[in-house]
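Data block below; observations after.
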Amino acid sequence: MRFEILERDGLARTGVLEIDGVKHSTPAMAYAVDRIPAGLGVGMRMSPSGAAGKGDLKVPASGFRPDGAGTEVDGTLDPWFRGSPYADPRPEGGFAVLDGIVKSLLDSPRFVEAIKKTKSGPDLLKPMFCSLAGMPHRLALLAYCGVDVFDSIPLIMASETGRYLTTSGPLDYSALKHLPCACEACRSGTRDKEELLRHNIATAEAELKLVSHMISQGRLRELAEIRVRADPWLVQDLRLMDMGAYDLQEMHAPVKGAAFHAGSKESLLRPEIVRWQNRLKERYRRPEGASVLLLIPCSAKKPYSLSKSHMRFRDAVFSSGRAPLVHEVIVTSPLGLVPRELELFYPAQDYDIPVTGHWDRDEQKLAQDMVSWLVGTQRYDLVISHLGDERDAVAGVLGEHMDT
Ligand SMILES: [Zn+2]
């Protein structure tokens, strides 16, 4: 078995998994062919060892011992691939598997620890397999956490229990007057378990294609932030990933990534954003001689210098005849602060936020912390606040200053 990583986006990646010389693109769904009607699975097959075809992912017959075929056969999963505590541990297998996935689905701290454990050692380079969890609305978050291969078990279970899967979460099949989908199964006019399974598979496949595309574009985080809304457990997983696995995520976050929308509370804790704040605090020194701090608001247009409002600020600063003395610093959410001379650095010109004129408490606290750090460490002779909506929030930490 060979696994080649083609593109990365944080912990997520697209790749090629080669089993018995047969190549599969990842992220991918492996179809348990012994549990679904013939011809329904569209990609990688997952079969019991002994009955497997060329290129199939092979499921060991027993969790207690490697079965007859053994894990040395190409593409065989470890006996403990579902994280059963009773299975023989076989950490030397070809796949990395999420520890205790069933419990992790309802235990976010455990989920985060399992991801950290799997992604912090040599398992990082192995294809990561996640059984039982790959429903369409979860695929983006799980891929974001580095899962490469899912199995079709949750799609089958959903069709057995009448759940119509969407990327916004499962719906009750029997309650749907009109099916909100244009896949072949939904257009067939027939409603039964097999058509439901065909729909669930089509939805998962479409979502995997979108996940792959977003990885290629470096924008999977945005998709994950959208999809987690379907289930509070997923929101919890993402928030705890940001709080508990920042170092791991930061290590894999691109130095120069794609532009992004920061439209949710979770966006405030994106690793690129937290890294910006940390690096300012750890490394930043203001330009020597620029001893007058001018705090100004951000603009929708990036880089800020090209916006009309910032052109006016700059004209005013230059016409004062004291431009070299003035240090312009932009106060903005979610980055906190952007010193003018850093406005072209990632992600200062690559983010967009919803602007309502109202700063919530998290944003206010962030701005206060960053401004307080700036005036406390950079020793300005004079501080001028020329802020808008964020003026009041910041004024309290400025000490003596001029408000214009
Ligand atoms: Zn459909």
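What are the residues whose amide H is under 5 Å from the amide H of SER333, where those residues sit 5 or more places off or on another chain and H is modelled from the backbone?
So SER333 has HN proximity to no qualifying residue.
Could you work out how far the C-alpha centroid of the stretch 186-257 sits from that of the stretch 108-144, in angstrom?
After rounding, the separation between the Cα centres reads 12 Å.
When the accessible area of the stretch 262-403 is computed with all protein chains present and a 1.4 Å probe, what percentage of it is carbon and sulfur?
Carbon and sulfur together cover 52 percent of it.
Filter the trypsin sites (Lys or Arg not before Pro) in the stretch 254-288 to those in DSSP coil with at most 11 other Cβ atoms within 10 Å of their Cβ, and list the result.
Here the trypsin sites (Lys or Arg not before Pro) that fit, given the DSSP loop and packing criteria, are LYS256, ARG285.
What residues have an amide H closer than 5 Å to that of LEU6, excluding those fewer than 5 places away on the same chain, when H is modeled at 1.01 Å from N in the peptide plane?
Long-range HN contacts for LEU6: THR14, GLY15, VAL16.
Estimate the FRET efficiency between ALA395 and ALA259 by the formula 1/(1 + (r/R0)^6), using the beta-carbon distance for r and 35 Å for R0, to the nearest 0.05.
Rounded to the nearest 0.05, the efficiency is 0.65.
Working out 0.36 nm times the residue gap between ASP247 and ARG361, then minus their Cα-Cα distance, what length gain in nm do you get to one decimal?
That pair, ASP247 and ARG361, stretches by 38.5 nm at full extension.
Can you give the net charge of the other residues whose Cβ lies under 12 Å from the Cβ of THR190, counting K and R as +1 and D and E as -1?
Combined, the nearby Lys, Arg, Asp and Glu give 0.
Could you pull out every Cys in the chain that lacks a partner Cys with its beta carbon under 4.7 Å away?
Those would be CYS130, CYS145, CYS183, CYS298, since no other cysteine Cβ in the chain comes under 4.7 Å of theirs.
Are there GluC sites (Glu not before Pro) in the stretch 310-404 that DSSP puts in a loop and that have at most 16 other Cβ atoms within 10 Å, and which ones?
Loop-located and lightly packed - GLU400.
Can you list the HN-Hα couplings for the stretch 27-42, worked out from phi with the Karplus curve (6.51, -1.76, 1.60; θ = phi - 60°), rounded to whole Hz and with x for Gly and Pro?
Here the 3J(HN,Hα) series is x, 9, 9, 9, 8, 6, 5, 7, 10, 10, x, 3, x, 7, x, 10 Hz.
Top to bottom by accessible area (1.4 Å), largest first, where do TYR380, TYR351 land? Present the calculation step by step, with values, prior to reporting the outcome.
On the way: TYR380 30, TYR351 5 Å².
Order by accessible area, largest first: TYR380, TYR351.
To check you understand DSSP bridge types, tell me what percent of the beta bridges within the chain (both residues inside) are antiparallel, rounded to 5.
40
Return the sequence-ordered ³J(HN,Hα) values of the stretch 342-349 in whole Hz as given by the Karplus equation 6.51 cos²θ - 1.76 cosθ + 1.60 applied to θ = phi - 60°, using x for Gly and Pro.
Each residue's phi maps through the Karplus curve to give 10, 5, 8, 7, 5, x, 4, 10 Hz.
Using only DSSP helix segments of four residues or longer, with each worth -39500 (n - 2.57), what per-residue ellipticity at 222 nm results for the chain after dividing by its residue count and rounding to 500?
-10500 deg cm²/dmol
Under the rule of at least 5 residues apart or a separate chain, name every residue whose amide H is placed under 5 Å from the amide H of LEU294.
The answer is HIS327, GLU328, VAL329, ILE384.
Could you work out the relative contact order of the stretch 188-337, using alpha carbon pairs under 8 angstrom and six or more residues apart, expressed as a whole percent?
On the way: 99 pairs, mean separation 30.0, N = 150.
Result for the stretch 188-337 is 20 percent.
Separation between the ALA38 and SER319 pseudo-spin-labels, each 7 Å from Cα along Cα→Cβ, expressed in nm?
Computed distance between label sites ALA38 and SER319 equals 8.2 nm.
List the pair-distance distribution P(r) of the chain, using every Cα-Cα distance, as the percent of pairs falling in each 20 Å bin from 0 up to the bin containing the longest distance, rounded to whole percents.
25, 45, 24, 7, 0
Quote the relative contact order of the chain in percent (integer), defining contacts as alpha-carbon pairs under 8 Å separated by 6+ residues.
Reported as a whole number, the value is 12 percent.
Could you calculate the contour length gain from LEU176 to ARG229, that is, 0.36 nm times the residue separation minus the distance between their Cα atoms, to one decimal place in nm?
Answer, rounded to one decimal: 17.0 nm.
The values are calculated or read from the model by the stated rules, or taken from the named source; none is laboratory data. What you see is a predicted model, and the numbers here were worked out from it, not measured in a lab. No Cβ is skipped: glycine too gets one built from the backbone with ideal geometry, and neighbour counts run over all protein chains shown. Accessible surface is based on the protein model in full, side chains and every heavy atom, while ligands, DNA and RNA are left aside. Shrake-Rupley method; radii C 1.70, N 1.55, O 1.52, S 1.80 Å.
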